Amino acid sequence: MKGTLNLDAAFSALADPTRRAILARLAKGEASVMEIAKPFEMTQPAISQHLKVLEDAGLVARRVDGAKRPRRLATAGIEAMDQWLAMLREALEKNYDRLDAVLAGMEQRKKGKGEKR
Amino acid sequence: MNQLTLKTEGDTHVVVTRQFAAPPEAVYRAHIDPKLIQKWLLGPEGWTMPVCISEAKPGGKIRYEWTDGKGRGFHLTGEYVELEPYSRIVHVERMHLPDPTPDNRVETRFDADGAGTLMTLRMTLPDTQTRATMLATGMESGMEASYARLDGMI
């Protein structure tokens with residue numbers, strides 16, 4: 001799945017607070033695994049494992065820089081998730097726009113009854 | 001003004017808010033009266049709900065069946081847990097796709113907001129994984145169509 005976005009994996013990856021914190025760190029810019037691990041009370045392998053989940057989900061990418069492998073946000077993955085949520089929101093919005101019309105109809109009928117010609 | 005918000009909260013919740021021009025009583029009724037539900041709870045264009053059972057009492061059954069008119073469809077079942085006219089509904093629901101999804105406990109509140117209503121829908125999923133799957137597969141009907149559209153975008 002590397003390099004492609006798997007939405008299920010992406011949302012699962014986000015379900016973990018450590019991984020959300022890692023993404024928040026990377027939102028500030030590229031960082032080495034050591035830099036990423038610093039604020040956490042976790043071993044580097046544990047952080048690497050979290051990074052792997054984020055990479056597999058298409059949310060984090062790595063660059064080769066000599067012996068280093070700095071990580072950064074995979075913008076395409078994050079944007080695709082945003083788009084997905086926007087679409088979900090759109091489906092809900094369609095429902096509630098229809099509900100607006102239903103409610104306006106209910107109000108109309110009530111007024112009609114109230115007039116009693 | 002009628003802007004919808006959709007966000008996750010904590011590890012297992014999804015919260016949706018929406019304002020309506022109509023008062024809470026009307027919005028509440030539109031959420032439990034099957035004849036009204038059938039008019040709006042449809043998801044994307046082209047889908048209809050030929051079967052709508054909504055027994056609005058604690059323990060009462062919920063069953064919604066959707067179809068796209070071209071042979072595709074699925075259904076949702078659930079039960080009402082608590083009803084406080086016209087301010088609050090608590091129910092449990094699951095989608096059948098066709099295997100049932102884990103139970104989603106939904107609390108819907110209707111608060112007066114000027115002459116209108118502020119609706120707050122709070123879903124509680126059993127665990128973070130279930131919430132992740134639900135968000136990824138879509139909460140509303142006919143998400144396959146959206147998937148197809150998404151495929152084109154990525």
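The values are calculated or read from the model by the stated rules, or taken from the named source; none is laboratory data. Owing to the predicted nature of the structure, the values given are computational and were not obtained by experimental measurement. Every residue, glycine as well, gets a Cβ built from its backbone with ideal geometry; the counts of neighbours run over all protein chains shown.
Keeping to the stretch B:110-136, report how many residues are among the basic types (K, R) and within 11 Å of another protein chain (Cβ to nearest Cβ).
Pass one, the stretch B:110-136, residues among the basic types (K, R): B:122, B:131.
Narrowing the set further to residues that are within 11 Å of another protein chain (Cβ to nearest Cβ) leaves B:131.
Here the count works out to 1.
From the set of residues in the stretch B:1-18 that are outside any loop (DSSP other than H, G, I, E, B) and surrounded by fewer than 18 Cβ atoms within 10 Å (Cβ to Cβ), which is farthest from the chain's Cα centre (by Cα)? First the steps, then the outcome.
Let us first name the residues in the stretch B:1-18 that are outside any loop (DSSP other than H, G, I, E, B), namely B:5-9, B:13-18.
Next, from what is left, pick out any that are surrounded by fewer than 18 Cβ atoms within 10 Å (Cβ to Cβ): B:5, B:7, B:9, B:13, B:15, B:17.
Details: B:T5: 14, B:K7: 15, B:E9: 17, B:H13: 14, B:V15: 11, B:T17: 12 Å.
Going through the qualifying residues, I end up with B:E9.
Do we have B:A30 as without any contact (Cβ under 8 Å) to a residue 60 or more places away in the chain and part of a loop (DSSP other than H, G, I, E, B) here?
Numbers: without any contact (Cβ under 8 Å) to a residue 60 or more places away in the chain: yes; part of a loop (DSSP other than H, G, I, E, B): no.
Criteria not met by B:A30.
Residue-wise test of (1) closer than 30 Å to B:R18 by Cβ; (2) out of contact with any Lys or Arg (no Cβ under 9 Å at 6 or more places or on another chain); (3) basic (K, R).
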| site | (1), (2), (3) |
| --- | --- |
| A:L14 | yes, no, no |
| A:A21 | no, yes, no |
| A:E55 | no, no, no |
| A:V60 | no, no, no |
| A:M81 | yes, yes, no |
| A:E93 | yes, no, no |
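So, in the stretch B:110-120, exactly how many residues are surrounded by fewer than 18 Cβ atoms within 10 Å (Cβ to Cβ) and part of a strand (DSSP E or B)? Walk me through how you get there before you give the answer.
Keep residues of the stretch B:110-120 that are surrounded by fewer than 18 Cβ atoms within 10 Å (Cβ to Cβ), which gives B:111-115, B:118, B:120.
Filter once more, keeping what is part of a strand (DSSP E or B): B:111-113, B:118, B:120.
Qualifying residue count, the stretch B:110-120: 5.
Looking at B:E79 and the list (1) in contact with a helix residue (DSSP H, G or I) (Cβ under 9 Å, 6 or more places away or on another chain); (2) modelled with pLDDT of 95 or more, which single condition is not satisfied?
Exception for B:E79: condition (1).
Take the stretch A:49-84 and flag every residue that is among the small types (G, A, S) and surrounded by fewer than 17 Cβ atoms within 10 Å (Cβ to Cβ). Please lay out each step first, then the result.
We begin by selecting, within the stretch A:49-84, every residue among the small types (G, A, S); these are A:57-58, A:61, A:66-67, A:74, A:76-77, A:80.
The answer is A:G66, A:A67, A:A76.
Just for the stretch A:60-99: of the residues that are outside any helix (DSSP H, G or I), in contact with a Leu (Cβ under 7 Å, 6 or more places away or on another chain) and of a type in the set (D, E, K, R), which one is nearest to the other protein chains (Cβ to nearest Cβ)? Break it down into steps so the answer makes sense when it comes.
Of the residues in the stretch A:60-99, the ones outside any helix (DSSP H, G or I) are A:60-74.
If we keep only those that are in contact with a Leu (Cβ under 7 Å, 6 or more places away or on another chain) too, we end up with A:60, A:71-74.
Filter again for of a type in the set (D, E, K, R), leaving A:71-72.
Numbers: A:R71: 21, A:R72: 19 Å.
Among them, the one singled out is A:R72.
Which members of the stretch B:31-42 meet the condition of being more than 13 Å from A:D97 (Cα to Cα) and either at the interface with chain A (Cβ under 7 Å from one of its Cβ atoms) or exposed (fewer than 14 other Cβ atoms within 10 Å of the Cβ) (or both)?
Selection gives B:K35, B:L36.
Among B:E82, B:E93, B:E45, B:E107, which is more than 14 Å from chain A (Cβ to nearest Cβ), surrounded by fewer than 16 Cβ atoms within 10 Å (Cβ to Cβ), acidic (D, E) and not in a helix (DSSP H, G or I)?
Details: B:E93 fails: surrounded by fewer than 16 Cβ atoms within 10 Å (Cβ to Cβ); B:E45 fails: more than 14 Å from chain A (Cβ to nearest Cβ); B:E107 fails: surrounded by fewer than 16 Cβ atoms within 10 Å (Cβ to Cβ).
Going through B:E82, B:E93, B:E45, B:E107 in turn, just one is more than 14 Å from chain A (Cβ to nearest Cβ), surrounded by fewer than 16 Cβ atoms within 10 Å (Cβ to Cβ), acidic (D, E) and not in a helix (DSSP H, G or I): B:E82.
As an exercise: evaluate B:F74 against (1) in contact with a Lys or Arg (Cβ under 7 Å, 6 or more places away or on another chain); (2) at pLDDT below 90; (3) outside any loop (DSSP other than H, G, I, E, B) and give the number of the one condition it does not meet.
Exception for B:F74: condition (1).
Just name the residue that is farthest from the other protein chains (Cβ to nearest Cβ) out of those in the stretch B:1-22 that are among the charged types (D, E, K, R) and within 22 Å of A:T18 (Cα to Cα).
First, the residues of the stretch B:1-22 that are among the charged types (D, E, K, R): B:7, B:9, B:11, B:18.
Still in the running and within 22 Å of A:T18 (Cα to Cα): B:7, B:9, B:11.
On the way: B:K7: 9, B:E9: 13, B:D11: 7 Å.
Ranking the qualifying residues of the stretch B:1-22, first place goes to B:E9.
If A:I36 satisfies every condition in (1) farther than 18 Å from B:R131 by Cβ; (2) at pLDDT below 90; (3) surrounded by 13 or more Cβ atoms within 10 Å (Cβ to Cβ); (4) of a type outside the set (D, E, K, R) but one, which is the exception?
Single failed check for A:I36: (2).
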